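Trainee: Just dropping this structure here.
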Amino acid sequence: MSILDSLNESQKKAVIHTDGPLLILAGAGSGKTRVITHRIARLIGDGVVPPTGIFAVTFTNKATEEMKNRIVRLIGPQGSSVFIKTFHAASVYILRRYGEAIGIPSSFSIYDTSDQASLIKEILLQMRLDPKKIRPESIASKISEVKDRAELIDGADPTLLLQKNFSYDFHEIYEEYHRRLAANNALDFNDLLIKTVHLLRSGTGALERLQRQWTYFMIDEYQDTNYAQYLIAKHLASAGKNICVVGDDDQSIYSWRGADIRNILNFEKDYPGAAVVTLDTNYRSTRPILDAASSVIRNNVNRKAKEIRSHKGDGERVVWCRANNEYGEAEFVVNTIISLKHREGLSGRDFAVFYRTNAQSRVFEDRLRKENIPYRVVGGMKFYERKEIKDLLAYLKFIANPLDQVSMLRIINTPARGVGRVALERIRETARGAGVSEWTAISEGLIGGKIPRGIAEFRDIILKCRDSARGMPETRLSDFVEQVIEESRYVKSLEEEESVEARSRIENIGEFVNSVYDYQQANPDATLDGFLQDISLYTTEENPEDDPDSRGNQVTLMTVHNAKGLEFPVVFLTGMEEDIFPHKLSSDTEEGIEEERRLCYVGITRAMERIYITCAELRRTFNEIYHKEPSRFIFEIPGSLIEATEYISAGYQSAQPRRGFFEKKVYNESHFDVEPDDSIDDDNTPEASNQTEGPGESKFRVRDSVLHPKYGVGRILSIEGSGDNLKITILFGRSSKTFLEKYTPLEKA
DNA sequence: CTCACGCTCTTTTTT
DNA sequence: AGAGCGTGAG
């Protein structure tokens, strides 16, 4: 059986196991995804179950994509009929089919965090509370926190679950929030899971039908499931008990989102007779990387003790660098990338820069841009969160779901059509008076007196579009979307702005239309409801604007959370300072610190060949400069595994004398072999920062892009010598060449 | 009603 | 330092 050939003994055991519950404890880099995909392939290949009988959930869209691809690669096109989704997407699938039974129409809207916030803001205003004093976002997160709790899902009163020392009536807001969600025919992220649990428990026959559909269940990242997810899996698998869960308690990093590590720790109790397979051979990282990671995670008290074996063996030591400030940190990282590209022939895709918080990405982006190195930022401001995309989606959502008031309020005056505060108040009044929805007041023309023309305009746009939406599978989704853009005059009004910003918004809308085409391609009989619900969960998805052709050259930037499940030859774990990593807000409790430590463990174990751990001595936050201490986690790595260095850049300097960290171990020679002079020593003093190159004999400077008549565009790595002997070394692609300047006609590129 | 300026708050992590 | 929001003038 060829499918088993490439597996080790424990991997084989996990793949072959067929009936009954199975727990796979999969250490970092132990071939977890490989086991899951091979297991699925085996079940299908041996005719145990048809592809459509398998239900697999992962945690992110990215992981879902990856798993789909790998299964299709293993068993061909039939692999695409395996049901593989995130928990949230699976819930949407289930609710769309059977939700009517518990009063959820299939046209429900999904409210993301910002929709939630605007709804709560409305409520606060109605309750005469000041949204400036009480942040809607923080209420939203409190509500979400409550809804993650097991007690609530099992029927407890929400108010009892929160210490209620609030200046406001949390219970009242909570109730009103849910009344409004129901009135708007909308569900938030928590609801998707909770309502699915209710549906499965409802005795309406949905569970039985789903159990006829799926008989084998696979749950990835089980250590990060919350109670609702745990229940969904449990109910679905309750008939045949063919449930296989995979996880690693050391990589649980989502407790703040309600993930309960006990789900994995108690699996054997939950499912008596469960088989357990431990995967403890790491195929990803070199031994020093693994040793460093183990010596950090070992400090957690609350964990299953375990050791991971390195399959790969020796490699480079961990490089630790404390830069003078965040600019120095970024320079160090980017110079190291340039150097390794040159020295080892690596390309951009081999590098990843991790940070604890999204806000840290900027300095790295600036530096990379300065050096003309292509990069992509995963996460952060996502495509679907941009204003213009949210506006357009609000049109689509409101057309699909006339009860969705949050969307209506967003677009009624976007683009501006003269419907302001006063007009809105009138609409509200009328609606309240007549006891109808605001939209009904508008569409039925109930508003008396002179009404702003904009209101009628808005009504006509919506009615017209709703009309063509009805002809949907025949009217193509993409045509419909273009019609909405046309009717709403959204792009037209941006064009009139004639600003750079407006131009880029228009481009984004163009990208959105492209993505609609792609969606249509993949789903020939796409409906509006289905499209919207799928897209609402597409948050981690890469920005469609990323040029797929240049992907191979791009350095990846992301938070450590986003890095879970990925691997890179070279990893930079940055901002390793107290109060950042571990984060200040997690540092009060031992559990908080342990979770940060697991996060750190996740970060280190992403690296295959090399890891650089960096921090800054000074860092500017909120326009204020703070002195930073290195993260406690770095002290947990034995010095013998570390090669320490320093990096000093121009920009602001420490006012105090530098306090040597790892003083005795600081190696002064740099590990850059591409002209270290240029990158380090030159910038050593502020005066050097204007870059008038030493003797100033060349009209070029290091790092300039230049055009060579024969080799094309390259970058200057170094300039040395003087007079007739002035030599310039230029990097073209992966190789560099040295020229005597006086014989080489170079131009600035 | 719209635009411009100035004030405030920001930074955990994400489905 | 920057974005987003609210206030006040046109």
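The values are calculated or read from the model by the stated rules, or taken from the named source; none is laboratory data. Remember, predicted model here, so these are calculated numbers, not experimental data. Here the Cβ is made from the backbone with ideal geometry for all residues, glycine too, and neighbour counts use every protein chain on show. Please note that ligands, DNA and RNA were not included when accessible areas were found on the heavy atoms of the full protein model with its side chains. Shrake-Rupley method; radii C 1.70, N 1.55, O 1.52, S 1.80 Å.
Trainee: In sequence order, what are the phi-derived ³J(HN,Hα) couplings for the stretch A:473-484 according to the Karplus relation 6.51 cos²θ - 1.76 cosθ + 1.60 with θ = phi - 60°, rounded to whole Hz, with x for glycine and proline?
Mentor: x, 6, 5, 6, 3, 5, 4, 4, 4, 5, 5, 4
Trainee: Projecting each Cα onto the charge dipole of chain A (Lys/Arg +1, Asp/Glu -1 at the beta carbon, about the Cα centre), which of A:F364, A:P582, A:A274 comes out farthest on the positive side?
Mentor: Working it through, the farthest residue towards the positive pole turns out to be A:A274.
Trainee: Farthest toward the dipole's positive end in the stretch A:388-492, which of A:A423, A:F458, A:S437, given Cβ charges of +1 (Lys, Arg) and -1 (Asp, Glu) about the Cα centre?
Mentor: Going by the charge dipole, the pick is A:A423.
Trainee: Tell me the angle of helix A:590-604 to the major Cα principal axis of chain A, expressed in degrees between 0 and 90 and rounded to the nearest ten.
Mentor: Here the helix axis deviates by roughly 60 degrees.
Trainee: Let me ask something else about it. Cα axis of helix A:189-201 to longest principal axis of chain A: angle in degrees, 0 to 90, nearest 10?
Mentor: 50
Trainee: Output the peptides A:570-580, A:491-501, A:99-109 sorted from most to least packed, where packing is the average of other Cβ atoms within 10 Å over each peptide's residues.
Mentor: Working: A:570-580: 24.6, A:491-501: 12.4, A:99-109: 17.5.
Final packing ranking: A:570-580, A:99-109, A:491-501.
Trainee: Quick one: which residues, 5 or more positions from A:T559 or on another chain, have an amide H under 5 Å from its amide H? H modelled 1.01 Å from N in the peptide plane, none for Pro or chain starts.
Mentor: Those qualifying (amide H under 5 Å, at least 5 residues apart or on another chain) are A:Y355.
Trainee: If you take the alpha carbon radius of gyration of the stretch A:390-515 and divide it by 2.2 N^0.38 Å, what ratio comes out, to two decimals?
Mentor: 1.10
Trainee: Counting only Cα, what are the radius of gyration and maximum Cα-Cα distance Dmax of the stretch A:148-271, in Å?
Mentor: Calculated on Cα positions, Rg and Dmax stand at 16.5, 50 Å.
Trainee: Still on this structure, I have one more. What residues have an amide H closer than 5 Å to that of A:E643, excluding those fewer than 5 places away on the same chain, when H is modeled at 1.01 Å from N in the peptide plane?
Mentor: Residues meeting the criterion, in which the H sits 1.01 Å from N, are A:V318, A:V319, A:W320.
Trainee: With each run of n ≥ 4 DSSP H residues scored as -39500 (n - 2.57), what mean residue ellipticity at 222 nm is computed for chain A after dividing by its residue count and rounding to the nearest 500 deg cm²/dmol?
Mentor: The per-residue figure over chain A is -12500 deg cm²/dmol.
Trainee: Next question. Sorted by packing (mean other beta-carbon atoms within 10 Å per residue), highest first, where do A:620-631, A:337-348, A:69-80, A:396-407 land?
Mentor: A:396-407, A:337-348, A:69-80, A:620-631
Trainee: Limiting things to C-alpha atoms, what are the Rg and the maximum Cα-Cα separation (Dmax) for the stretch A:107-195, in angstroms?
Mentor: 12.5, 38
Trainee: Near the amide H of A:M218, under 5 Å away, which other amide H atoms are found, from residues 5 or more places off or on another chain, if H is placed in the peptide plane?
Mentor: A:F55, A:A56, A:V57, A:C244
Trainee: May I ask you to derive the FRET efficiency for A:D157 and A:A305 from their Cβ-Cβ distance with R0 = 41 Å, giving the value to the nearest 0.05?
Mentor: With a Förster radius of 41 Å, E is 0.55.
Trainee: Sort A:118-126, A:595-603 by the packing proxy (mean of other Cβ within 10 Å over each peptide's residues), most packed first.
Mentor: Ranking the peptides A:118-126, A:595-603 by packing returns A:595-603, A:118-126.
Trainee: Roughly how many whole Å is it from the C-alpha centroid of the stretch A:457-476 to that of the stretch A:27-53?
Mentor: Cα centroid to Cα centroid, the span is 44 Å.
Trainee: From the phi of every residue in the stretch A:516-521, what ³J(HN,Hα) in whole Hz does the Karplus formula 6.51 cos²θ - 1.76 cosθ + 1.60 yield, where θ is phi - 60° and glycine or proline is x?
Mentor: The phi angles translate into 5, 4, 4, 4, 5, 4 Hz.
Trainee: Would you mind getting the Kirkwood hydrodynamic radius of chain A from its Cα pairs, rounded to one decimal in Å?
Mentor: That comes to 29.0 Å for chain A.
Trainee: Report the Cα centroid-to-centroid distance between the stretch A:81-95 and the stretch A:506-522 in angstrom, as an integer.
Mentor: Going from one Cα centre to the other spans 23 Å.
Trainee: Still on this structure, please answer the following. Tell me the angle of helix A:136-148 to the major Cα principal axis of chain A, expressed in degrees between 0 and 90 and rounded to the nearest ten.
Mentor: Helix A:136-148 sits at roughly 80 degrees to that axis.
Trainee: Across the stretch A:419-428, in residue order, what do the Karplus-derived ³J(HN,Hα) couplings come to in whole Hz, using 6.51 cos²θ - 1.76 cosθ + 1.60 with θ = phi - 60° and x for Gly and Pro?
Mentor: Each residue's phi maps through the Karplus curve to give 9, x, 4, 5, 4, 4, 4, 4, 4, 4 Hz.
Trainee: Still on this model: Specify which residue in the list A:L403, A:T621, A:F83 is farthest towards the positive end of the charge dipole of chain A, using unit charges on the beta carbon of Lys, Arg (+1) and Asp, Glu (-1), about the Cα centre.
Mentor: So the residue furthest toward the plus end is A:F83.
Trainee: Could you grab the relative contact order for chain A? Cα pairs under 8 Å, six or more apart, rounded to a whole percent.
Mentor: This gives 16 percent for chain A.
Trainee: Roughly to the nearest percent, how much of the accessible area of chain A is carbon and sulfur, given a 1.4 Å probe?
Mentor: 48
Trainee: Please report Rg over Rh for the stretch A:1-147, where both radii come from the alpha carbon positions and Rh follows the Kirkwood definition.
Mentor: Across the stretch A:1-147, the Cα-based Rg/Rh ratio is 1.15.
Trainee: Considering only C-alpha atoms, what is the centroid distance from the stretch A:407-443 to the stretch A:297-324, in Å?
Mentor: The distance from the Cα centre of the stretch A:407-443 to that of the stretch A:297-324 comes to 59 Å.
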